[in-house]
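Colleague: Take a look at the following structure, please.
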Amino acid sequence: MSFAKSQSQLESTNLVYLLLGDLREALGARLDETNNRRWTVAVVNQILVALNDEADVMQSEGYLSGVCEEWPNWSNQVEQLSDNHSLLRNQLRELRNTLEHAGPTRAQVQQINRQLREWMAEISAHQRHESRLLQMAYILDVGAAD
């Protein structure tokens, strides 16, 4: 049984990982500078594209379907991960809109910066949870074959 993500899912996940590094770098600079804000919005837009692509693949190929087939009692965890993926996409979309329309006040910029950092921590936690679930499925599958 194969529990691995499809090639297109892996590509989207890897792209998000790389873009998170770009976002982290952009947040280290001053968001209140117009050029940096434009760059940050561009990076966030690319993360959204990658997350939407990943969601499309998940929809068409089934999200962690191998895990659910082998361990049907894990379907609630898989569904929670899928729902969390959608929630994270929606949160980032809202943050992007706020960033595009935020005024130049220092307080607003600091709040957006903090929210984006929190979002980055949440997406990283989501990816770790997903990886742990896939690893556990693989370990149980290989262990059962011994």
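Coordinate-derived values only; no laboratory data. Note that this is a predicted model, so its numbers are computed, not measured. All Cβ positions, glycine included, derive from the backbone under ideal geometry; neighbour counts span all protein chains shown.
Colleague: Which residues in the range 97-121 have a backbone N closer than 16 Å to a point placed 7 Å from the Cα of A42 along the Cα-to-Cβ line?
Modeller: Label zone hits: 100.
Colleague: Using Cα centres only, tell me the gap between the range 47-87 and the range 106-146 in whole Å.
Modeller: If we compute the Cα centre of each part, the gap is 13 Å.
Colleague: Another question, if that's okay. By how many nm would the segment from A102 to S65 grow when fully extended, if each residue of separation counts as 0.36 nm and the alpha-carbon distance is taken off?
Modeller: Stretched out fully, the A102 to S65 stretch lengthens by 9.3 nm.
Colleague: Note down the magnitude of the dipole of the range 7-145 about its Cα centre, charges +1 on Lys and Arg C-beta and -1 on Asp and Glu C-beta and zero elsewhere, to the nearest 20 debye.
Modeller: For this selection, approximately 800 debye.
Colleague: Return one number: the angle in degrees, 0 to 90 and rounded to the nearest 10, between the long axis of the Cα atoms of helix 75-101 and the longest principal axis of the Cα atoms of the chain.
Modeller: Tilt of helix 75-101: around 10 degrees.
Colleague: May I pose another question? Mean residue ellipticity at 222 nm from the helices of the chain, using -39,500 (n - 2.57) per DSSP H segment of n ≥ 4 over the full residue count, to the nearest 500 deg cm²/dmol?
Modeller: Computed mean residue ellipticity for the chain: -30000 deg cm²/dmol.
Colleague: Lys/Arg Cβ at +1, Asp/Glu Cβ at -1, dipole of the chain taken about the Cα centre: which of A121, S82, G143 is farthest positive-ward?
Modeller: A121
Colleague: With contacts defined as alpha carbon pairs under 8 Å and 6 or more residues apart, what's the relative contact order of the chain in percent?
Modeller: That works out to 29 percent.
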